[in-house]
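The values are calculated or read from the model by the stated rules, or taken from the named source; none is laboratory data. In this text, all values refer to a predicted model and were calculated from it rather than measured experimentally. Ideal geometry is used to build each Cβ from the backbone, glycine not excepted, and the neighbour counts take in all protein chains shown. Heavy atoms of the whole protein, side chains included, go into the accessibility calculation; ligands, DNA and RNA do not. Shrake-Rupley method; radii C 1.70, N 1.55, O 1.52, S 1.80 Å.
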Amino acid sequence: MVSVCRYPGGVFTDTPKAYYIREEDGTLQQFTFQEWKTKMVGTYKGTPFTKGCGEVLQMSVDQLSCEVSDTNKIVHHTQRDVLNIREIVSDTASNVTVIKDLVESGNLASQTPNRSRGTEVLQEDSSEIFKGYIGTGKSQLALNYVLHMKKDNNLVWKFDCSNIQELWRSTAYLLKELRFKIKDTENKKDDILFMARTINKYLEKNNTRMHILIFEDVINDSRNIIETFINVYLAKRCNLKVLVTSSLSVTETELEIVGFSEEEAIDFIDAIEASDAEREELIKTFSCNPLGLKIAIRYIKHCQISVGAFLGKLSLPKGALEIENSPVIAQRCELKPLFQSLHLILSDIHTKNPSTLQRILLMQFLGSDIIPVIILENVHLNFLSRELKEEGICNSSFDTIDDVISTLKQYSFASVTGKDDTRVLHTHSAILLAIENYTSEAVEANDITVVDMLKALLWAVVCLMHKDNRIKADLERHKYLLPYAESILYRTRKLLENTDEAKTKQFMDISFYLSLLYVSDIVGYTYDFDEMYHFGEAYFQIAESYYMKMVGLSVPINCSAAEDIQIKASETATQLYRKMICIFKQDKNMLNTVGQWYILKKCRSKEELKIIKNGLQRVGKSINGKLRNEQDLNLLCENKLAVPKKMIGYFFFFEVVISFLYSFGRRLFYTMPLDIIQNCYFLHIADHFSNIVHELNPQWKMVHHLLTKRSGTIQLALIEKSGMPQTDLKDLNEIAEKCLRSLTERNTYFLFGIVCLETESDEFNKVIWLKQLVRCYKIMLRRAKDETKMEEIKQQGQKHVKHLEKLIKEFEHTSALPSLLLCIGEFYQCIRDFQSAKTTFKKLFPKLTQAEQKVKTRKHDRKSYIYYLQCLLLEPKDTRSEQVESEACKEIEMLVPRCYKFLMNHEELRELEELLFMSEQESIMKHEETACFVYLNSRLSHLEYGDLDIHVYNRHVTELPNFCKSIQKCH
């Protein structure tokens, strides 16, 4: 093990000894712990002290070699050139870090010569409680430990314990990653403990690997839950480390983090010019708090003032009331100077650059101390005004995000990692608390209001997140931004709940409603796309409530009977259009403003920009990079690449609503909900709504006019086993003809008022139409009764499948590929070409790298297992070949256990059981019997293992005998 000063906090080992090469004479020297710690503190001066800075160090941690022989000679270049280790003297490799000793007095309290006390604790105890007040480095210590100890196959998870909802969410996300069911009732505390038991069982099963759980920022509300979580469900074992950070006592055994000792604090501030008395006064004022001292040093250096002048500023009464009333100060009065200094810095920024302060204040609403720069960068400061005016929104100037980052770093408020759009700010919870406390003073100065800030953030999300997830980079960005969008929605919802109706009417204008609808919709859609349907359902319900309030509906939109859907959907769409056109006429200027702003500020993919640039090139025009100003917008409008400026608000307004109705309706394709009629109803409303807009403006075709048919009502007609009226052969022929016409369509479609799709050149659009066409032929084969007609349908279907197979090659790296492959495989299966079907389905099988590894599978991947198994079961029946049946038995023995493993916590498990046990046949063949018994054995093993809740356990006990009986009937 090498002890290298690679990062603040670093790693110090006592076993084996820590050595370094002295540069003066090249001799080998041994580090004592105090020498090492002094060196660490010295290297950290002048760098931002932030809670999340450990993440900045991931690269250097990854480069740290933990396994070296005693003959190796390695040169380690540290980030700040602290040490240059040229020789490593080591008999054995140590696998521990002495985190606790980093914050103790500096003396190694070890009774064993070659082992520190901290080493013993971390080796023998499964949990560590880091208790201390803000700024003492609790989270950083925990994170540094995790970064050093993490292996590729470890489970490492951080739980946000700042409130019950966030703790539940963190726990639910972990279960989702592990492919277990999420528990969600009104009693979130019971849900968390229920899910904790599932996590515990997973850890027990995977006992060959080390797992690390961090419970961060435990507060009163979550303290009892965490204590139970640790003491009851996370039983002590050798393969688990639990780290807890809190200012409260969580368990009986804990480590009090008290910050610097006086000697360390004096050494830490030696870079500033001051008398000994001034240094002692500064240290005493901040009670040796590392964060407080760091902030003080940075401010003193930047402003070039004396320590005495700085302390004098802290004693001024400005902002004293907010600081005194802070809950944090009530718990720890020692923190008052820290928050006074933070308040002082914010006041200085406010005076020098109010617009920079506005962006800094936005950080408090993002629910994290790790903040994507791209969100703050895309906040438009015009939304911070009470009245959003039409002129100026396209061309308004604003301070660059680089100025904001520079200011944050200048005062040690944050560090930054990444480049360009991937930059991330790492700040501290103390900074965020101080920002929240200062907000009231900024509001009193009439610069901004909380409402203005939330509206600005909502519109930033609007321009950053959209529903086109074909490109995996876009999907990853949307998933990354998801928790921040949720936090903004949550803070907005709380604001509305705590504001009386009269005041709410003063600021709830159309721009606010529209942004709330869009963001709630996109959050729900992204969750559905990521197969977290429970979360998706919740946000679609929220979006529906905002829409109802916006258009003035008091009764939810619903339909009770499947037969009435078309008629009632048409009537409802007409009524909604009338309401919305009245709103548009009343708020036309506002809607035109936000619509134009969206066109210019939207985060566009390369493909979208390519369509715009190609359109301009055809008329001999061009733009310089991205869309930037009103001149660019005028250029688009003049060349019919955007709708007329006076109509941008109209199309933006109506398409946002149609998009919401369409996405809400399409949930049935993901989830097949119990209330399928309601989703079908929404889908048909969206279709009729788009028809109305299209008929009134046929020259400007909306993308959603295409989508509501191609991927909406047509796809709905091709769903089987939905409980809805089934499409007959005549209607299927009409759908096939519609798909064929659409393949050769030559039209331009607009999304929110700007060109988005040119059907003649858009291969993806053709691929989706082909997919629907192949589905149509598959169903036609099942409905046709005449053999001649069946053969004709088969030949035509095969021709389109071959066409589709050629086109999908360029979509291999997109999220659309699985559904395309599944469609092709299903057609092959339908025409009894089992070899081609199996080859296609096998392309969707997840690749296992380790026997125990949990692999995240998407719905299409899971479906591929079921359809592949179905081919294995059907093929021997068609061939009646003993060899084919024997080969099928061998493959079934390997496939079924894996299939059960991937499906056991998903709805597709029922499909598998129906396939195996619900057959009406009088007898079964050997390979079918093999499949049934292998499946039963997998269920029995699961039952014996005992990691089931009582409901699932009882279901196993009830169903297994019934399955056995169903097999016996067939003998």
Q.
Given the whole protein assembly as supplied and a 1.4 Å probe, what does the accessible area of Thr748 come to in Å², nearest 10?
A. 50
Q: Using a Förster distance of 35 angstrom, determine the FRET efficiency expected from the C-beta separation of Gln586 and Ile370, and round it to 0.05.
A: 0.25
Q.
Can you compute the FRET efficiency between Lys640 and Ile164 using 1/(1 + (r/R0)^6), with r the Cβ-Cβ distance and R0 = 56 Å? Round to the nearest 0.05.
A. 0.55
Q. Contour minus end-to-end for Ser554 and Lys284, with contour as 0.36 nm per residue of separation and end-to-end as the Cα-Cα distance?
A. 91.1 nm
Q | Inter-site label distance for Leu940 and Asn220 at 7 Å from Cα along Cβ, in nm | A | 5.5
**Q.** Extended-chain gain in nm, criterion 0.36 nm per residue less alpha-carbon gap, Glu263 and Lys621
**A.** 122.0 nm
Q) Taking the simple approach of a point 7 Å from Cα along Cα-to-Cβ for both Lys479 and Asp786, what is their distance in nm? A) 5.0
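So, R0 is 41 Å and r is the distance between the beta-carbons of Val443 and Thr574; what FRET efficiency does that work out to, to 0.05?
Values: r = 44 Å, r/R0 = 1.07.
Efficiency, rounded to the nearest 0.05: 0.40.
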Q: Among the listed pairs Lys205/Lys842; Lys709/Lys738; Lys472/Lys606; Lys730/Lys794, give every one whose C-alpha distance is greater than 21 Å.
A: Lys205/Lys842
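Contour minus end-to-end for Gln796 and Ser881, with contour as 0.36 nm per residue of separation and end-to-end as the Cα-Cα distance?
Here the segment from Gln796 to Ser881 would lengthen by 27.6 nm.
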Q) Under a point spin-label approximation (7 Å from Cα along Cα-to-Cβ), what is the Leu729-Arg898 distance to one decimal in nm? A) 4.1
Q) Beyond 21 Å, what share of the Cα-Cα pairs of the stretch 598-760 remains, rounded to the nearest whole percent? A) 53
